[in-house]
1. How many residues are open to solvent by less than 100 Å² (accessible area, probe 1.4 Å) and at pLDDT below 95 when one looks only at the range 10-21?
2. Write out, first by first residue and then by second, each pair whose Cβ atoms fall under 7 Å of each other, whose residues are 6+ apart or on separate chains, and whose first residue, in the range 152-169, is under 13 Å from Arg209 (Cα atoms) while the second is of a type in the set (Val, Ile, Thr) and in a loop (DSSP other than H, G, I, E, B).
3. For the range 14-96, list the strands (runs of 3 or more DSSP E) that sit wholly inside it and hold at least 3 residues that are farther than 30 Å from Asp122 by Cβ, of a type in the set (D, E, K, R) and without any contact (Cβ under 8 Å) to a residue 24 or more places away in the chain; which are they?
4. I'd like to know if the range 119-139 contains one or more residues that are of a type in the set (Lys, Arg) and either at positive phi or at pLDDT below 90 (or both).
5. Of the residues Ser339, Ser322, which single one is modelled with pLDDT of 95 or more and buried (at least 17 other Cβ atoms within 10 Å of the Cβ)?
6. Given the criterion hydrophobic (A, V, I, L, M, F, W, C) and either touching a helix residue (DSSP H, G or I) at 6+ places or on another chain (Cβ under 9 Å) or outside any strand (DSSP E or B) (or both), identify the matching residue among Ile185, Ile261, Ile229, Ile233.
7. Anything in the range 385-421 that is under 18 Å from Phe338 (Cβ atoms) and open to solvent by less than 90 Å² (accessible area, probe 1.4 Å)? List them, or say none.
8. What number of residues in the range 342-382 are surrounded by 15 or more Cβ atoms within 10 Å (Cβ to Cβ), within 20 Å of the chain's Cα centre (by Cα) and in a strand (DSSP E or B)?
Amino acid sequence: MHNSDIDKAGYLNLKYKADILSSHLELSAGAMYRDKTRSNFDNTYTLISRGPVDEHSAKGVDWQVYSDINWTVSDPTGAANSSGTYNAYEKVKAGYAMLLYKIWKIRIIGGARYEECQQGYDQVFHNLFLDKFKPGNPQKRDFLNNNLLPSANIEFNINTSNNLKASYYKAINKPGFKEVVPFAIATEDYQITGNPDLKYAVADNLDLRYEYFPNQQDQILAGVFYKKIDNAIEEGFVNDGHGNNNLTFLNSNAENYGFEIDYIKYFREFGIKANYTWTHSNTSSAKKMIVNGVLAKNRDSTAIVIQYRPLYGQAEHVANISLLYKGTNNGLNGQLSFSYTGDRIYRVGADINGDQWQRPILQMDLSAEKKFKSGIGIFIKARNLLNTHTYVYLKQVNPLNSQFPEHSSSDKTTSLRDDYSDRSYIIGVRYKFN
């Protein structure tokens, strides 16, 4: 698969400033036009391993390790008549107006943005897989979306070191091309499909924050937030009605609230930077549940029920801490950082209690740079020094899996995958022209 994207955009901004007695006024207005297109090409090939007796070779007979397999391409020209071969576009027209007003210790910013987005696609070949289950599935689609996005921000300067801020704004999240084009890609485990019925996500956001700046380097920021999201875009499984779960993109309504704190403190050249965010999110989705029978015996009956859960990808606890060094006299800068992300939903499941979860992640990274007066700089970046794994699991157990590692009833979870990418290092030299 490959694609060629073309993204063109133009902007126009106007600003007027005026000082009126002891106040300051700024008026801004502007417009934007963006034309983004994608031409996507998808071709599939079938590889088989031929044995001396049967068409397919067997492990232990014809080969021992994967590198021993003699692969043969059975269709050298491939099969380009795929639903993944398509042309897609997104045309955005937007305009905004904004007012900034300062008087005494108060600064007020208010405005609105109006956006019109035309998005669509044209598949070169029909999606044969989706057409089976959704007759009349459009091969071509064009849809228009309009949004008015207001915002307001008020800031009160308590004194030279302390600020109090409150804000409200409405924002949208547009689906990408691969999310709305109804392609179908088969993997070893499931089918991945686009969702042409996917809607834009629209969020109302409220924030309240306190800021403290004891000097030019140090700071303490603390705030609370609330978000109401309509049609949040999630990645999860749906049942096609024929016993198969397909991975696709879904909409759900959600609420999101929490608090965050950010801290920076320097001790001469050494510093520490830390932040922590607690987030509680709540949404729901329709799940399939077996209501009669035991373990697929006696012609089980199924029902669709609503299950509440956190928002996809939303961890309740996120924390970061970095040890900093800034050598203003020797040109040496360095940072050792630790980041923690709590458990979160990796993919939304189609069955009751079938959501896939990802274990908490602790990652350590290191970066440093030495600058010389000649303009030459030497830098190093090291990532994932703890070789952190991506571990995905189910919060339930199946007695049939009890003989496998990490699947016993005492584990209370079922392991699905354990991936790691090992450590990575970048060492380089840069030169800055004066």
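The values are calculated or read from the model by the stated rules, or taken from the named source; none is laboratory data. This is a predicted model, so every value here is computed, not measured. We place every Cβ from the backbone using ideal geometry, glycine too, and count neighbours over all the protein chains shown. Note: accessible area is taken over every heavy atom of the protein model, side chains too, but ligands, DNA and RNA are not part of it. Shrake-Rupley method; radii C 1.70, N 1.55, O 1.52, S 1.80 Å.
1. So the answer is 1.
2. Close Cβ pairs satisfying both conditions: Leu164/Ile158.
3. none
4. Yes, the range 119-139 contains a residue that is of a type in the set (Lys, Arg) and either at positive phi or at pLDDT below 90 (or both).
5. After applying the criteria, what remains is Ser322.
6. Numbers: Ile185 fails: either touching a helix residue (DSSP H, G or I) at 6+ places or on another chain (Cβ under 9 Å) or outside any strand (DSSP E or B) (or both); Ile261 fails: either touching a helix residue (DSSP H, G or I) at 6+ places or on another chain (Cβ under 9 Å) or outside any strand (DSSP E or B) (or both); Ile229 fails: either touching a helix residue (DSSP H, G or I) at 6+ places or on another chain (Cβ under 9 Å) or outside any strand (DSSP E or B) (or both).
Sole residue among the options that is hydrophobic (A, V, I, L, M, F, W, C) and either touching a helix residue (DSSP H, G or I) at 6+ places or on another chain (Cβ under 9 Å) or outside any strand (DSSP E or B) (or both): Ile233.
7. Listed by number, the residues that qualify are Leu385, Leu386, Asn387, Thr388, His389, Thr390.
8. 10
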